[in-house]
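K.L.:
First the structure, then my questions, so here it is.
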Amino acid sequence: MRLLFDESLPRLLARELPGHEVATVPSLGWAGTANGRLLERAAKEGFEAFLTVDRGFEFEQNVERFPLTVVILLARGNRLEDLRPLIPDLMETLKVASGPKLRKVGG
């Protein structure tokens, strides 16, 4: 699955997600892009899921408009150490994720 990490996620998290193609917002030169425009670009570029720790994301965007899944990681923080415990649930979520949905992992 093609995944796009929001700029708040550590890029080293990609190593923890074998079998997925991961890009980051900064690596694509999209840093600072507004969330709605970011989802438009991600969908246009063929990403299947967008991962973020931004808990307000679901209230700022109508994710149903976009043909990709938005996954909000509910962790204590955005450091790799905070996100590692969520990886098993995240991997399961990604197995069934497809289309315009909002998923939350952790909490």
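K.L.:
How much length, in nm to one decimal, is gained on full extension between I87 and K104, taken as 0.36 nm per residue of separation minus their Cα-Cα distance?
P.N.:
My answer for the length gained is 4.9 nm.
K.L.:
Along the Cα-to-C-beta direction of A31, a point sits 7 Å from the Cα; which residues of the stretch 65-86 have their amide N less than 19 Å from that point?
P.N.:
78-80
K.L.:
Among rounded, prolate and oblate, which fits the chain when a ≥ b ≥ c are the square roots of the eigenvalues of its C-alpha gyration tensor, a/c under 1.5 means rounded, and a/b larger than b/c means prolate?
P.N.:
It comes out rounded by the Cα gyration axes.
K.L.:
How far, in degrees from 0 to 90, does helix 87-96 lean away from the longest principal axis of the Cα atoms of the chain, to the nearest 10?
P.N.:
40 degrees
K.L.:
Follow-up question, since we're still on this one. Mind checking the angle between helix 35-44 and the chain's longest principal axis? C-alpha axes, 0 to 90 degrees, to the nearest 10.
P.N.:
Tilt of helix 35-44: around 90 degrees.
K.L.:
Here is a follow-up. Which value in nm describes the separation of the simple spin-label points at R76 and E40, placed 7 Å from the Cα toward the beta carbon?
P.N.:
Simple spin-label model gives 3.9 nm for this pair.
K.L.:
Once you have the Cα-Cα distance between L12 and E58, take 0.36 nm times their residue separation minus that, and quote the gain in nm to one decimal.
P.N.:
Gain on extension, L12 to E58, equals 14.1 nm.
Computed from the coordinates by the stated procedures, all read-outs in this text should not be read as laboratory data. Keep in mind that this is a model prediction, so the values were computed, not measured. Note: ideal-geometry Cβ built from the backbone for every residue, glycine included; neighbour counts use all protein chains shown.
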